[in-house]
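The values are calculated or read from the model by the stated rules, or taken from the named source; none is laboratory data. Model, not experiment: these values are computed from the prediction. As a convention, Cβ positions derive from the backbone with ideal geometry for all residues, glycine included, and neighbour counts pool all protein chains shown. For accessibility, only protein heavy atoms count, side chains too; no ligands or nucleic acids. Shrake-Rupley method; radii C 1.70, N 1.55, O 1.52, S 1.80 Å.
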Amino acid sequence: MKLVFAGTPEVAVPSLDALIASGRHEVAAVVTRPDAPAGRGRHLVASPVAQRAEEAGIEVLKPARPRDEAFLERLREIAPDCCPVVAYGALLPKAALDIPARGWVNLHFSLLPAWRGAAPVQHAILAGDDMTGAATFLIEEGLDSGPLYGVITEHVRSTDTSGDLLTRLAFAGAGLLSATMDGIEDGTLGAVPQPADGISLAPKIRVEDAHVDFRTPALRVDRVVRGCTPAPGAWTLFRGERLKLIQAALVPDRTELAPGELSAGKNTVHVGTGSHAVELLWVQPQGKKPMRAADWARGVRIAPGEHVGTADVG
């Protein structure tokens, strides 16, 4: 088939690579989000998918909006048979959906109909799911509600951050998307409606959602830290300034600390929660680079009884 691939971030690159390497289909063009400011200088930088496509000599389309007539006209000229999609990041209008004869096929990082929306991996970790996966489905105008082509499963490890899990799913899902294209092309794969039960939503995680409330049980604190790493980044307040929490671990045998109360040893930093303590392993103070929590604690000289979170935010 002639394909136009739509995707933007790094997690979409393995799928693009798999389709290029398969040799069975022609990736005629790539659709991605426009260049965006990045780095300290805030210079405009092409998306990871755009950079990979340019390296491969593939035409790159960067519409400000997928409804732009110039983009739609170019898509009609290319006349793709199918448009595989991975984390493109913009809503596709019906005018675009109608162009490829075999539609737009999305790789979504959950076991649909669970976790429909922008942040399925983060929500799977926040909810404490033991199992997740990826699914390919035919895009329709509803939110991730189209009929399914295929699924793969992936175990959620107890130490997984959303970044860890998403990386594994990006590579495993690339194989699923490539196999889906093959099955559509040779007629061996048809889409089946999603189950009516088990629907859950996964909206984008906002910065305020990543605020750690140490009054909640330690298991919840651990899930927020893992689920919000690397983005948007779990955080609390210490002495009125934001402190990002990058890595933590459960400490079930310490129950004497009050929620948010800090206890700094020679090489450890423990914080009380609504149940037992957690150990802070890596943190990032405001305006500074990530560092080991023990090094941070030595630098700020934590006083006995000093708190993070609940004491600062009231």
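If only one of G274, G287, G309 is open to solvent by 40 Å² or more (accessible area, probe 1.4 Å), at pLDDT below 95 and more than 23 Å from the chain's Cα centre (by Cα), which one is it? Only one candidate qualifies: G287. Residues in the stretch 234-245 that are in a strand (DSSP E or B) and either of a type in the set (G, A, S) or surrounded by fewer than 20 Cβ atoms within 10 Å (Cβ to Cβ) (or both): A234, L237, E241, R242. Put simply, of L111, L92 the only residue that is more than 17 Å from the chain's Cα centre (by Cα), open to solvent by less than 60 Å² (accessible area, probe 1.4 Å) and aliphatic (A, V, I, L, M) is L92. Kindly establish whether D81 is touching a strand residue (DSSP E or B) at 6+ places or on another chain (Cβ under 7 Å) and surrounded by 17 or more Cβ atoms within 10 Å (Cβ to Cβ). Yes. From the list R102, R168, the lone residue that is charged (D, E, K, R) and out of contact with any helix residue (DSSP H, G or I) (no Cβ under 7 Å at 6 or more places or on another chain) is R168.
Kindly list, by first and then second residue, each pair from a residue in the stretch 106-131 that is within 23 Å of L219 (Cα to Cα) to a residue that is part of a helix (DSSP H, G or I) and open to solvent by 20 Å² or more (accessible area, probe 1.4 Å), limited to pairs with Cβ atoms under 7 Å and residues at least 6 apart or on different chains. Every condition considered, the pairs that remain are W115/H123; V121/L166; I125/R223; I125/R226; L126/R223; G128/R223.
Filtering the stretch 136-184 down to residues that are among the acidic types (D, E) and assigned to a helix (DSSP H, G or I), which residue is most open to solvent (accessible area, probe 1.4 Å)?
Ranking the candidates gives D164 first.
Just to be sure, is R76 part of a helix (DSSP H, G or I) and modelled with pLDDT of 95 or more?
Yes.
Taking the numbered list (1) closer than 26 Å to D222 by Cβ; (2) in contact with a Gly (Cβ under 6 Å, 6 or more places away or on another chain) in turn, Y88 passes all entries but (1). Within the stretch 114-134, restricting attention to residues that are of a type in the set (D, E, K, R) and out of contact with any Asp or Glu (no Cβ under 9 Å at 6 or more places or on another chain), the residue that is surrounded by the most Cβ atoms within 10 Å (Cβ to Cβ) is D129. The set of residues in the stretch 195-221 being open to solvent by 40 Å² or more (accessible area, probe 1.4 Å), in a loop (DSSP other than H, G, I, E, B), at pLDDT 95 or above and hydrophobic (A, V, I, L, M, F, W, C) consists of I199 alone.
Scanning the stretch 1-43 for residues that are open to solvent by less than 60 Å² (accessible area, probe 1.4 Å) and in a strand (DSSP E or B) gives L3, V4, F5, A6, G7, V27, A28, A29, V30, V31, A36, A38. The residues in the stretch 286-304 that are within 16 Å of E241 (Cβ to Cβ) and among the charged types (D, E, K, R) can be counted, and the count is 3. Selection over the stretch 122-135 of residues that are farther than 27 Å from C83 by Cα and assigned to a strand (DSSP E or B) gives a count of 1.
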